[in-house]
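J.: Attaching a single structure in structure tokens format; questions to follow.
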Amino acid sequence: KFGRTGFDISCVAYGGIVSMKDGQDASDRYVSWAVDKGINYFDVAPFYGDAEEKLGNSLKPYRNKIHLACKTAKRLRVDAEKELNRSLKLLHTDHFDVYQLHAITKMDDVDTAFGPGGVMEMVSTLKKRGIAANVGITAHNEDAALRCLELYDFDTVLFPFNWFMNLEHQMGSRLIKAARERNMGVLCMKAFIERKWDSEEEKKASMFPKSWCKPIDVNDVEFGTAAMKY
């Protein structure tokens, strides 16, 4: 159950960045494989290179069977409206199941988004206009995320709920508590991350050059399973 959205979603989601850079045929294969494995939640953003275009084409046969989430990192309404219309076109859809404020990283992001002419002037109307069934936030700063929750009744939150960052620094604990109290849908990013990349060379030479951080070794099943369960 994805919070109060009414959706039943797969426990693993498809990050749209997977469809980036490899070409249309590759994206089609990735998406087909994911759907066959039962994945029904797909999340993408304009920030991810050509991912919207590639994923939009790949999802054409499945759009009515999956939940599609998109985002905007724009903080002003005028910029976000242009981006929203482009995303709808590239993803071949007339609505999103979830539309999110993307990458809330500092309090200035919150102030601008909720201020005069801010993106929230648009986001707060999307449900009534039928363009988004739910609205949410993605954040990398817990204090900023909590401030967003105080200012608007968001349906979902996407946050780096990582095993190490929570065990060592309690990062995310307050946000999880607040989200549960509000019956929000919670998405965990960076759950399978071991550490930061030591260098750009290490990243490029790895199996996962699209990952912002170093994932746990795929052969270390016990470690990987523990991190995901956490």
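The values are calculated or read from the model by the stated rules, or taken from the named source; none is laboratory data. What you are looking at is a predicted structure, and each value in this text was computed from that prediction instead of being measured. Ideal geometry is used to build each Cβ from the backbone, glycine not excepted, and the neighbour counts take in all protein chains shown. Areas reflect the complete protein model, heavy atoms only, side chains present, ligands, DNA and RNA absent. Shrake-Rupley method; radii C 1.70, N 1.55, O 1.52, S 1.80 Å.
J.: For a protection proxy built on the mean count of beta-carbon atoms within 10 angstrom, sort 143-153, 44-54, 181-191 highest first, please. Please report the intermediate quantities before stating the final value.
T.: Working: 143-153: 16.2, 44-54: 20.6, 181-191: 17.7.
The packing order, highest mean first, is 44-54, 181-191, 143-153.
J.: Starting from the Kirkwood radius over alpha-carbon pairs of the stretch 17-118, derive D by Stokes-Einstein at 10 °C in a medium of 1.306 mPa s and give it in µm² s⁻¹. Write out the running numbers ahead of the final one.
T.: Details: Rh = 14.3 Å.
So the translational diffusion coefficient is about 111 µm²/s.
J.: Where the only charges are on Cβ atoms (+1 Lys, Arg; -1 Asp, Glu), what is the dipole of the chain about its Cα centre, to the nearest 20 debye? Mind showing how you got there, number by number?
T.: Numbers: 33 positive and 33 negative charges, 122 e Å.
Roughly 580 debye, rounded to the nearest 20.
J.: Using only C-alpha positions, report the orientation-averaged shadow area of the convex hull of the chain, nm², one decimal.
T.: Details: hull surface 50.2 nm².
Its average projected convex-hull area is 12.6 nm².
J.: Summing +1 for each Lys or Arg and -1 for each Asp or Glu, what net charge is found among the other residues whose Cβ lies under 14 Å from the Cβ of residue 7? Could you put the intermediate results ahead of the total?
T.: Details: positive: 1, 4, 65; negative: 8, 43, 97, 155.
Here the charged neighbours net out to -1.
J.: Turning to a different aspect of this structure: How long are the three semi-axes of the equivalent ellipsoid of the stretch 34-92, in whole Å, if each is the root of 5 times an eigenvalue of the C-alpha gyration tensor, listed from largest down?
T.: Values: eigenvalues 106, 22, 19 Å².
The three semi-axes for the stretch 34-92 are 23, 11, 10 Å.
J.: Relative contact order of the stretch 121-165: what whole-number percent is it, with Cα pairs under 8 angstrom and at least 6 residues apart? Don't jump to the answer; show the numbers that get you there.
T.: On the way: 34 pairs, mean separation 16.3, N = 45.
About 36 percent, as a whole number.
J.: Hey, another quick one. Tell me, what is the Rg over Rh of the stretch 157-210, with Rh the Kirkwood radius over Cα pairs?
T.: Values: Rg = 14.1 Å, Rh = 12.7 Å.
Rg/Rh for the stretch 157-210 comes to 1.11.
J.: Given a 1.4 angstrom probe, what's the average accessible area per residue across the chain, in square angstrom? Could you put the intermediate results ahead of the total?
T.: Values: 12000 Å² over 230 residues.
That works out to 52 Å² per residue.
J.: Related question: Taking the Cα centre of the stretch 187-230 as origin and charging only Cβ (+1 Lys, Arg; -1 Asp, Glu), how large is the dipole, in debye to the nearest 20? List each step's numbers first, then the result.
T.: Values: 8 positive and 8 negative charges, 53 e Å.
Around 260 debye, computed over the stretch 187-230.
J.: Listed here are the pairs 82/229; 60/177; 37/74; 196/229; which of them are more than 30 Å apart at the Cα? List each step's numbers first, then the result.
T.: Details: 82/229 39 Å; 60/177 37 Å; 37/74 33 Å; 196/229 20 Å.
In this structure, 82/229; 60/177; 37/74 lie more than 30 Å apart at Cα.
J.: Enter the mean projected area of the convex hull around the alpha-carbon atoms of the stretch 115-161, in nm², rounded to one decimal. Don't skip to the answer; put the middle values down first.
T.: Details: hull surface 14.4 nm².
It is 3.6 nm².
J.: Gap in Å between the Cα centre of the stretch 178-230 and the Cα centre of the stretch 64-115?
T.: Going from one Cα centre to the other spans 24 Å.
J.: Quick one: Debye curve from the C-alpha atoms of the stretch 187-230, no solvent, what's log10 I(q)/I(0) at q = 0.20, 0.24, 0.31 Å⁻¹?
T.: At q = 0.20, 0.24, 0.31 Å⁻¹ the computed log10 ratios are -0.62, -0.84, -1.13.
J.: About its Cα centre, what dipole magnitude does the stretch 78-134 give when the only charges are +1 on Lys and Arg Cβ and -1 on Asp and Glu Cβ, stated in debye to the nearest 20? Can you show the working numbers first?
T.: Values: 7 positive and 9 negative charges, 50 e Å.
Its charge dipole is roughly 240 debye.
J.: Each residue of the stretch 87-93 in order: what ³J(HN,Hα) in whole Hz does its phi give by Karplus 6.51 cos²θ - 1.76 cosθ + 1.60, θ = phi - 60°, with x for Gly and Pro?
T.: Once rounded to whole Hz, the list reads 5, 4, 5, 5, 8, 6, 9.
J.: Pairs of Cα atoms under 8 Å, at least six residues apart: use those to get the relative contact order of the chain, whole percent. Don't jump to the answer; show the numbers that get you there.
T.: Working: 382 pairs, mean separation 34.5, N = 230.
Computed over the chain, the figure is 15 percent.
J.: Short version: ³J(HN,Hα) in whole Hz for each residue of the stretch 157-163, in order, from phi by Karplus 6.51 cos²θ - 1.76 cosθ + 1.60 (θ = phi - 60°), x for Gly and Pro, what are they?
T.: 9, 10, 8, x, 8, 9, 3
J.: Determine the sum of side-chain charges near residue 58: Lys and Arg each +1, Asp and Glu each -1, restricted to other residues whose C-beta is under 15 angstrom from that of residue 58.
T.: Details: positive: 21, 29, 37, 54, 60, 63, 65; negative: 22, 25, 28, 36, 43, 50, 52, 53.
So the environment of residue 58 carries a net charge of -1.
J.: So, one more: Keeping the other protein chains in place, figure out the carbon and sulfur percent of the accessible area of the chain, with a 1.4 Å probe.
T.: It is 53 percent, rounded to a whole number.
J.: Which number comes out as Rg/Rh for the stretch 84-200 once both Rg and the Kirkwood Rh are worked out on C-alpha atoms? Show your work: numbers first, answer last.
T.: Details: Rg = 15.3 Å, Rh = 15.3 Å.
Here the Rg-to-Rh quotient is 1.00.
J.: Local charge sum around residue 140 (other residues, Cβ-Cβ under 12 Å, Lys/Arg +1, Asp/Glu -1)? Please report the intermediate quantities before stating the final value.
T.: Values: positive: 106, 190; negative: 109, 142, 143.
Result for the neighbourhood of residue 140: -1.
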